[in-house]
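**Q** Let me begin by handing over the structure; questions about it come next.
Please treat every number below as a calculation from the coordinates, not as lab data. Computed from a predicted model, the values in this text were never measured in an experiment. So basically every Cβ, Gly included, is an ideal-geometry build from the backbone, and we count neighbours across all protein chains shown.
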Amino acid sequence: MQLEKFLTAAEAIVGSENVSREPTSGAPEGLDGSVAYGDPFPLSRPHRPGPAVRPDTVEQVRELVRAANRFEVPMWTVSRGKNLGYGGSAPVVDRNVILDLHRMNKIIEINEEYAYAIVEPGVTFIQLYEEIKKRKLNLWISVPAIGWGSVVGNTLERGIGYTQDAAHYKHQCGMEVVLPDGDLLRTGMGVVEDSKVWPLYSGGFGPGLDGLFFQSNYGIVTKMGIQFSPAPEAYTRILVEVPEEQDLAPLVGTMTDLMRRRIVANPPQLYGRMTLIIGAARRDPEIAKILGEHGNFARHIPHDLISKVSSILGLPAWCAGFALYGPPEAQAGLLEAVKRRFKQVKGAKVTHETFNAVPGEYLRSEDVTQDFLPQSGVPSIDHVLAFSSKEDGLWHNCYSPVLPPSGRELYEWYVRAKKITEDHDLNFLADFHVFDRYIISINLIMFHPSAKARLHDVQHALMEDSKKLGYLEYRTHISFMDATAAHQTFNNGAFGRFTTMLKDTIDPNGILSPGKQGIWNSTAKLERLGLEEK
Ligand SMILES: Cc1cc2nc3c(=O)[nH]c(=O)nc-3n(C[C@H](O)[C@H](O)[C@H](O)COP(=O)(O)OP(=O)(O)OC[C@H]3O[C@@H](n4cnc5c(N)ncnc54)[C@H](O)[C@@H]3O)c2cc1C
């Protein structure tokens, strides 16, 4: 590896002001106002960022890739690097160069009639939303809980929003990709010069290649088509609360059935008492006082304390938030159907609020008062404000397996995963994204930095337990990519053999994001054997 020669070449390509020889500056502003690269919540294994390079055109990306090949310098790609809970902008391999695409922030097109946009990797959800608002377009986009991330980066990670288009990867349509040899590829109908249906029809002619570039290290995505929804005429937000922990199963079973029947179109977001208590402690000093030293998440909060706060505040065990979108006439009927179904769930309390557009017009996202989570597609950074990367801050790390949708499996897993988490003196925070046929079941482990040594153990214990149940994560932190990939066991690891073969074939020098999702060149894989902690 000839790093110095690569950096000199990079300076000639992007300008010296867009090369950070030290990773302490140059990243888009993040937690605590920091512009440093890296993981704001680093665990014990070293994943320090190396120097960073910031192209702003596709041609510059291609030139950087050619230089990386020439000097055998691997680069870790990020769009905005706000992958908090999963590693931020830090690489799997300690000191890898960061290829930061945040300067490529052009919105190439927004099409109101067909409800899609084509964006570059640096475009944030907030930027896209503000542009739609500025142009007064009748569109509602889907955004994650924190809006400062990249539409492209989040979608490539199979990130999740809260509107009808919440499964972002399912709404991606067409990509432009710089390949590991510097070639430039378009997928889907983008194979045709000036295609008119590139962002409309995702199929293409021949094999679908888009999937190869999700959660992978096979290319650098430089443009993406993303589809969303026309603004509705009316919007009804619904909250269902149930009193007991074991009510989780009927609550989820009912919700996923409503989704499969297309009565509810956005994925209900499900959270429990702990989330409500954290919110209450931030607002109410009395509650913070009752939590006392436990409020800093250095240790597991005792059950009797949780019960005490819950009974003071009258908290339900679970809350599920979702919405209805569409014409006012349909909303009234759908709402009745939802209420009728939840009458069958013991103790369920349903509350709702409807917003109607002026007749003859469509509702604007901003005309809906903010939801707890952005079901109307208004991005914010409110949910990140509780966190700080400082040594006395609140950190977090996600464990995110995919489960079946009946609710029974979720409850079974929840009880086990909660026990494992608490046995490690940590707290289980439920962040369940309920889809029609699966549940992304996130254990949002929040912790005081003094507890970080326990994170590896708890993650590995959770992984082992999920393995027994036959579940795998949808996404994981950079520290656990190899361990998670090792659970792809079908046919003695056929998936891993195939991804390695592909990597060796298209990226023989291993210059793109080594180790991403446990994908390595065969030589690097051998070198790493023995480096894994468990
Ligand atoms: C409090 C909190 C709430 C959160 N809520 C949500 C939520 O609701 N939904 C959700 O999905 N996430 C959520 N997250 C996780 C995370 O913050 C978001 O997913 C965020 O959007 C990811 O960062 P990013 O968009 O900047 O992507 P990046 O960090 O830029 O990219 C993520 C990864 O994708 C790959 N990648 C990125 N760009 C490219 C490219 N151009 N070509 C090839 N590969 C690329 C890289 O491997 C990179 O590491 C939350 C985090 C926190 C702390």
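**Q** May I ask you to work out the translational diffusion coefficient for the stretch 232-479 at 25 °C, viscosity 0.890 mPa s, via Stokes-Einstein with Rh from the Kirkwood sum over Cα pairs, reported in whole µm²/s? Don't skip to the answer; put the middle values down first.
**A** Working: Rh = 19.2 Å.
Result for D is 128 µm²/s.
**Q** Let me ask you something else. Below 8 Å, C-alpha to C-alpha, sequence gap of six or more: please give me the relative contact order for the stretch 1-124 in percent.
**A** 26 percent
**Q** Hey, what did the stretch 347-409 get for relative contact order, percent, Cα under 8 Å, at least 6 apart?
**A** Once divided by the residue count of the stretch 347-409, the mean separation gives 13 percent.
**Q** In the chain, what is the volume of the convex hull around the alpha carbon atoms, normalised per residue and reported in Å³?
**A** Convex hull of Cα atoms, per residue: 149 Å³.
**Q** If packing is taken as the average number of other Cβ atoms within 10 Å across a peptide's residues, how do 24-33, 356-365 rank, most packed first?
**A** 24-33, 356-365
**Q** Residue 45 to residue 329: FRET efficiency via 1/(1 + (r/R0)^6), r the Cβ-Cβ distance, R0 56 Å, to the nearest 0.05?
**A** Working: r = 56 Å, r/R0 = 1.00.
The pair residue 45/residue 329 has a calculated efficiency of 0.50.
**Q** I've got another one for you. Among DSSP bridges having both ends in the stretch 1-104, what percentage is antiparallel? Round to the nearest 5. Display every interim value, and only then the final one.
**A** Values: 2 of 8 bridges.
Among the beta bridges of the stretch 1-104, antiparallel pairing accounts for roughly 25 percent.
**Q** Rounding to the nearest 20 debye, state how big the charge dipole of the chain is about its Cα centre with +1 on each Lys and Arg Cβ and -1 on each Asp and Glu Cβ.
**A** So the magnitude is around 860 debye.
**Q** Per 0.36 nm of contour for each residue apart, how much would the distance between residue 392 and residue 4 grow if the chain were fully extended, relative to their Cα-Cα spacing?
**A** Numbers: separation 388, 0.36 × 388 = 139.68 nm, distance 3.66 nm.
Stretched out fully, the residue 392 to residue 4 stretch lengthens by 136.0 nm.
**Q** Just the number, please: percent antiparallel of the DSSP beta bridges in the stretch 71-154, rounded to the nearest 5.
**A** 55 percent
**Q** Let me ask another. For an R0 of 22 angstrom, estimate the FRET efficiency from the Cβ-Cβ distance between residue 192 and residue 107 and round to the nearest 0.05.
**A** It comes to 0.50.
**Q** If you average 1/r across every pair of different Cα atoms in the stretch 3-100 and take the reciprocal, what Kirkwood value do you get, in Å?
**A** 13.3 Å
**Q** Given axes a ≥ b ≥ c from the Cα gyration tensor, I'd like to know whether the stretch 296-390 is rounded (a/c under 1.5), prolate (a/b larger than b/c) or oblate.
**A** It comes out oblate by the Cα gyration axes.
**Q** For the stretch 224-327, just say rounded, prolate or oblate: build the C-alpha gyration tensor, square-root its eigenvalues into a ≥ b ≥ c, call rounded for a/c under 1.5, and beyond that prolate if a/b exceeds b/c, oblate if not.
**A** Values: a/c = 2.63, a/b = 1.97, b/c = 1.34.
Because a/c hits 1.5 or more and a/b exceeds b/c, the stretch 224-327 counts as prolate.
**Q** Sort 413-425, 195-207, 170-182 by packing, meaning the average of other beta carbons within 10 Å per residue, with the highest value first. Walk me through the intermediate numbers first.
**A** Working: 413-425: 17.6, 195-207: 14.9, 170-182: 21.2.
So the peptides 413-425, 195-207, 170-182, ranked by packing, come out 170-182, 413-425, 195-207.
**Q** How many angstrom lie between the Cα centre of the stretch 403-434 and the Cα centre of the stretch 285-307?
**A** About 20 Å separates the Cα centre of the stretch 403-434 from the one of the stretch 285-307.
**Q** Taking every DSSP beta bridge that has both residues in the chain, what percent is antiparallel when rounded to the nearest 5?
**A** Around 90 percent of the beta bridges assigned by DSSP in the chain are antiparallel ones.
**Q** With the crude spin-label approximation of a point 7 Å out along Cα→Cβ, what separation in nm comes out for residue 505 versus residue 358?
**A** Those two pseudo-labels are separated by 5.8 nm.
**Q** For a protection proxy built on the mean count of beta-carbon atoms within 10 angstrom, sort 444-453, 368-377 highest first, please.
**A** The densest-packed peptide leads the list: 368-377, 444-453.
**Q** Could you calculate the FRET efficiency of residue 351 with residue 184 from 1/(1 + (r/R0)^6), where r is the beta carbon distance between them and R0 is 60 Å, rounded to 0.05? Before the final figure, lay out each step's value.
**A** Working: r = 51 Å, r/R0 = 0.86.
Here the calculated transfer efficiency is 0.70.
**Q** Between the stretch 71-111 and the stretch 196-236, what's the alpha-carbon centroid distance in Å?
**A** Cα centres, the stretch 71-111 to the stretch 196-236: 19 Å.
**Q** For the residue pair residue 366 and residue 383, what label-to-label distance in nm results when each label sits 7 Å from Cα along the Cα-to-beta-carbon direction?
**A** That separation, rounded to one decimal, is 2.2 nm.
**Q** Which of the three applies to the stretch 40-95, rounded, prolate or oblate, going by the alpha-carbon gyration tensor with a ≥ b ≥ c and a/c under 1.5 meaning rounded?
**A** Taking the square roots of the gyration eigenvalues as a ≥ b ≥ c, the stretch 40-95 is oblate.
**Q** Averaging sequence separations of C-alpha pairs under 8 Å and six or more residues apart, then dividing by the length of the chain, give the relative contact order as a whole percent.
**A** Values: 1151 pairs, mean separation 89.6, N = 534.
It rounds to 17 percent for the chain.
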